[in-house]
Each structure stands twice: as structure tokens, then as C-alpha cells.
1. Have a look at region A:218-267 and report residues whose accessible surface goes down by 20 Å² or more when the remaining protein chains are included, against the chain on its own, probe 1.4 Å, ligands and DNA/RNA excluded.
2. Work out the P(r) tail for chain A: percent of alpha carbon pairs separated by more than 28 Å, whole number.
3. At a temperature of 4 °C and a viscosity of 1.567 mPa s, determine how fast region B:125-264 diffuses translationally according to Stokes-Einstein, using the Kirkwood radius over alpha-carbon pairs as Rh; express D in µm²/s, rounded to the nearest whole number.
4. Grab the alpha carbons of region A:70-163, take their convex hull, and tell me the volume per residue in Å³.
5. Considering only A:Ala90, A:Ala194, A:Ala208, give the residue with the highest GNM mean-square fluctuation for chain A, with springs between Cα atoms whenever their separation is below 10 Å.
6. At a 1.4 Å probe, which residues in region A:14-50 are at least 10 Å² less accessible with all protein chains present than in their chain isolated?
7. Give the average, rounded to an integer, of partner chain Cβ atoms located within 10 angstrom of each Cβ in B:99-111.
8. Aspartates and glutamates near A:Lys160 by alpha-carbon distance under 20 Å, same-chain residues fewer than 8 away left out - which ones?
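The values are calculated or read from the model by the stated rules, or taken from the named source; none is laboratory data. None of the values given here were measured: they were computed from a predicted structure. So basically every Cβ, Gly included, is an ideal-geometry build from the backbone, and we count neighbours across all protein chains shown. What goes into the accessible areas is simple: the full protein's heavy atoms, side chains included, and nothing from ligands, DNA or RNA. Shrake-Rupley method; radii C 1.70, N 1.55, O 1.52, S 1.80 Å.
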Amino acid sequence: MNNFWYAQNHTGMSRVMITGATGGLGKAFAVECASRGWNLYLTDLRPDLLETLAVNLRQTYRVRVDWQASDLTDPNSRAELIRQAAEDRAPFSALINVAGVDFEGPFFDQSPQQIRTIIRLNVEGTLDMIRGMLSLRDPLAPFRIINVASLAGFYPMPVKATYAASKRFLLDFSLALRNELRADGVTVTALCPAGMPTNPECIDAIDAQGLMGQLTTCNTGSVANETLNAALRGKAVVIPGGLNRFLQAAGSLLPGVWVAELVGWRWKAARRKRFAQNPAAA
Amino acid sequence: MTGATSGIGLATAEMLARRGANLIGIGRSEDRCRKTEARLAALQPQASIHYFAADLSLQSQVRAAAEKIRASLRTDGINGLDGLVNNAGTFTYWLALTAEGFETQWAVNHLAPFILTLELLPLLQAASGRVVTVSSDSHYAGRMHWDDLQLRRAYNGLHAYENTKLANVLFTREFNRRLGGRSGVKAFAVDPGLVKTEIGFKGTPALVRWVWNLRRSGGVSPEVPAGDIVSLLGEPSVLQSREVYWKGGKPKKSSRRAQDDIDALRLWVVSEKMVGINQDRQHE
């Protein structure tokens with residue numbers, strides 16, 4: 001659509017794999033990549049949503065879009081996805097790990113199954129995808145990995161303990177892997193966004209945080225754009241939003257116990273307010 | 001009539017029903033559709049009044065709605081449409097992409113009227129019908145960002161809204177330029193003014209609801225723009241005019257950007273690509 005802009009940013013992306021592609025942020029990444037003229041391979045749970053998105057991206061942006069439904073908590077499903085993606089021998093030059101899950105609530109309110117799902121998807125799924133996709137990389141181009149961590153990855157977070165710790169894992173893992181693979185032309189970027197208005201529950205939660213929610217929230221479209229630009233420059237960490245960068249910097253100066261106290265106080269208050277307004281959400 | 005279960009759409013539907021018009025309404029909620037259909041039918045028992053539910057943010061559902069309209073006219077033995085009112089509009093504070101990957105306001109406010117009008121064009125041609133698209137004076141602040149039309153990369157709900165309302169005027173302009181003469185169908189864009197509707201309350205944060213509640217208190221009732229729409233649909237005199245943008249039954253000067261023929265053409269071509277229609281080819 002705008003050739004000058006496209007040419008400036010064209011870095012020879014052959015194909016981009018996006019997990020969690022039909023969720024709010026995944027969709028924003030898919031549309032942003034397609035609008036840059038990059039071919040896509042999408043995955044998520046529901047085949048109907050993948051097909052709908054793929055049809056429209058092909059039509060609007062004239063790029064190649066393949067998809068395969070998969071459940072990334074399941075090792076067999078992950079292996080099958082990599083097999084399918086390898087099928088036509090078209091190489092990849094980027095992997096965007098968006099798929100992730102949280103079941104918000106105190107640790108003992110969550111079922112063991114829910115806890116396992118968080119670890120399996122956020123940690124195991126992401127690591128397996130990185131290993132699998134690097135075996136399919138385009139040898140003639142740099143390879144970009146974007147891992148969607150979270151601002152939660154910087155803090156111990158009561159009420160989101162397992163989730164925040166899984167994101168901390170991704171954050172540290174990304175930084176270390178980036179160093180390991182730098183010489184091979186692989187960049188690893190950890191995206192650490194605050195809450196994003198991706199579905200009615202998230203919007204509800206943002207609303208319950210009042211002014212703070214308004215100020216820390218960034219739209220998925222600008223996050224996707226900013227993150228892709230950062231990944232092309234090989235940046236290690238992306239924190240969208242000025243206030244979020246400040247909060248992260250301020251948080252890093254305090255002892256972890258204090259941060260947990262503060263975050264716990266804020267989240268519990270927001271939850272009380274939210275469930276007072278809408279008891280059904282509890 | 002799209003968006004025919006609340007606000008301006010409901011007021012217009014009611015006005016048309018009272019005058020004995022046969023009417024097909026589109027609404028988002030099945031439940032509200034059934035209720036409104038029953039209420040309007042009671043108002044005018046001899047008219048044929050049908051309501052269909054569709055989520056106009058999805059192209060697939062806009063096309064399905066067009067199919068239902070065609071089928072319903074066939075059943076009633078009616079072989080044309082005298083008017084199409086593209087009234088449905090939405091405001092979304094946070095960026096939300098539809099399952100088809102489009103920004104929601106762009107999809108509902110611009111792409112849906114674009115698709116529906118082209119889908120129903122043969123029926124409108126059969127009756128030398130009119131197309132009325134509800135724009136807004138917020139189009140004066142709108143502009144086409146050609147490298148990011150849907151404002152995905154720098155989203156602001158209000159700016160995105162303004163741009164879609166500018167798109168409504170540009171669409172109407174280009175429709176008349178390319179199809180006005182040969183199709184016998186004429187299109188108008190309406191400025192409803194500030195109207196007491198629920199648009200700012202639907203799925204918006206508390207702050208937005210508060211602002212809209214304050215702002216709309218200075219607005220007129222939906223019957224005012226409804227009267228304008230009804231007169232554009234029926235009044236013979238307006239057919240002689242070459243004006244695109246109307247308020248209070250009179251032409252109104254639209255923004256400078258809304259009078260740009262190149263932009264109007266460009267928007268049409270980009271929109272065709274977004275919805276997978278090639279209108280020139282269809283007419284060859």
C-alpha cells in the first residue's frame with residue numbers, strides 16, 4: 001500500500017510462524033506482518049477461526065497464509081505442527097510465540113490441571129516451538145524470535161503467581177538464548193506488555209483498575225508494530241508504554257517482598273471492585 | 001435499514017412503518033430484532049415487516065444478511081428495493097480486530113455499508129432506489145491515513161470513528177460518480193447532528209460513558225435525523241441535486257477532504273480489495 005515504508009522495512013522475511021494467532025495480540029501480529037507483505041503460518045486451537053483469518057489476510061494483503069490447528073500444551077500436537085510446517089520446504093525466518101494462558105485467581109483456587117496447563121503452554125510449548133522452528137529456518141536470512149512474556153515477568157504477583165513466574169521464565173530464558181544464538185544470526189526479543197484490551201474479561205479488568213488501568217493499557221496494534229520494529233533491530237526487551245517502562249524501572253529498585261506486597265494490594269482491591277460490580281465473573 | 005433496533009435506525013424504521021412502507025430491518029441482537037419486528041408489525045398490520053439479526057462487523061454476516069434480504073423479497077413477491085439505509089454504526093474505545101482481521105469500526109461503519117450496497121445494487125437498480133448512509137459531523141475531523149487506514153498502529157477510538165465517517169461521505173461521492181448515471185441509483189450521506197442515542201454506552205469504559213452521557217444531553221432526539229432520512233428516501237426534488245452531504249433536508253458543505261475525488265476513488269479501490277469484490281469486472 002505504501003511502497004516507501006515497505007521498502008524501508010523489508011528485510012527479506014520468507015515466512016513467519018505465529019502461535020496463538022486468533023487471539024487479540026496474535027491477530028494483531030498476523031495483520032501487521034501481512035500488511036508488511038510477509039507470508040504467514042498461523043496456529044491456534046480453532047480451525048474455523050484460523051481459516052476465517054487466513055482467507056481475509058490473503059485477500060486483503062495478497063500474501064501466502066497457511067495454517068494448522070494445534071494444541072500446544074500437547075507434545076504430540078506440537079510435533080505434528082512442526083511436521084506440517086516442514087512439509088512444503090518453504091523456510092521460515094521468524095517465530096512469534098504469542099500462545100499463553102492464565103487462570104487468574106489464588107493458587108489454591110486453581111485446579112492442578114489449570115496449573116499444569118499454564119506451565120505446559122507458556123513454558124514447554126514456547127521452548128518446543130523455538131527448537132522446532134529453528135530446524136526450519138531460512139539459512140540465507142536472519143531468524144527472529146519474539147517471545148510474548150509480560151510486565152508480570154518482572155514482579156512476583158500474588159493472585160497470578162504461576163502465570164507471572166512462567167513469564168519470568170520466558171524473560172530470563174529469552175535473554176540467555178539471545179546471547180547463545182547471536183553469532184548464528186538469530187535475534188530473540190522478549191515482549192513485556194501490561195494488560196491489553198484483547199477480550200471482554202480483559203477490558204473488564206482494565207476498567208476495574210480505574211485511571212491506572214487506562215494509563216498502563218496499550219492497544220494491540222501499536223504493540224505488534226513496535227515489537228516487530230524492535231525485533232528487526234535485534235532488541236532484547238520491549239516494554240510498550242512510557243508509564244509501564246517507568247513502573248518497571250521503579251519496581252526493579254525495590255526488594256521483591258515489597259513489590260509482592262504492593263502488587264497484591266492493588267490486584268486484590270481491583271478484584272474486589274470487579275466482583276462487587278459483577279458477581280457472575282467470580 | 002441497518003442498525004434498526006435502536007437509536008436513529010429504530011426511529012426511522014418506526015416513521016417508515018407508520019407511513020405504510022414495507023421494511024426489512026437488520027439488528028445485532030436476535031432478541032431485539034424479534035421484539036422490534038412484532039412492535040412495528042402491530043403498528044401497521046398490512047405492511048410486510050421483517051427483521052434479521054446479523055453482526056455487521058463480519059463480512060460473511062453482511063453477505064448472509066444480503067442473501068436473507070433477497071430471499072425475503074422473493075417470498076413476498078417484491079422485485080426491487082426503493083431504499084437502503086446504511087445506518088448501523090459503532091464506537092469502540094480500545095482497538096479490537098474482528099475475526100476477519102479488520103478494525104471493528106472500520107468493518108462496521110465503512111466496510112459493511114460498502115458490501116451491503118454493492119450486494120443489493122441489482123435490487124436497488126430494479127426500483128431506481130436510493131442509498132442513504134448515516135455519516136456524522138465528526139467527519140470534519142477525519143482524514144484518510146493511507147499507510148494505516150484502520151489506525152491499527154496508532155489507534156485512537158475517536159479518530160478512528162471520525163475517519164470512518166469521512167469514509168462514508170467519500171464512499172457516497174464515489175458511488176454517485178461511478179454508478180449514479182448508469183444504475184439509476186442515487187446515494188446520499190446524512191449528517192444526523194448530535195443525537196441522544198446509546199452509541200457511547202455500548203461496551204465502553206466508565207470514563208467514556210460518563211463523557212457521552214454529558215455530551216449527548218445537548219443532543220436532539222432520534223426523530224430529527226429520522227425525518228431527514230425519510231425525506232431523502234422519498235422526496236422527488238432531491239433527485240435533481242448533485243449534492244452528496246445532507247442535513248435537515250438541505251445540502252450541507254462537507255469537509256474539504258470529503259470533496260477530494262482522488263481520495264474517493266482511492267478509498268473505493270482499497271475497499272474493493274479488502275472485501276474481495278471487483279466491481280468493474282462485474283459490470284463488464
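1. With the partner chains in place, region A:218-267 has these residues losing at least 20 Å²: A:Asn219, A:Thr220, A:Gly221, A:Ser222, A:Asn225.
2. Numbers: 14046 of 39621 pairs.
Looking at chain A, the distances longer than 28 Å represent 35 percent of pairs.
3. Using the Kirkwood radius from Cα pairs, D works out to 80 µm²/s.
4. On the way: hull volume 8.1 nm³, N = 94.
Normalising the Cα hull of region A:70-163 by residue number yields 86 Å³.
5. A:Ala90
6. SASA drop of 10 Å² or more in region A:14-50: A:Lys27, A:Ala28, A:Val31, A:Glu32, A:Ser35, A:Leu49.
7. Numbers: counts 9, 10, 16, 3, 3, 0, 0, 0, 0, 0, 0, 0, 0.
Averaged over the peptide's residues, the number is 3.
8. Within reach: A:Asp102, A:Glu104, A:Asp109, A:Glu124, A:Asp172, A:Glu201, A:Asp204, A:Asp207, A:Glu261.
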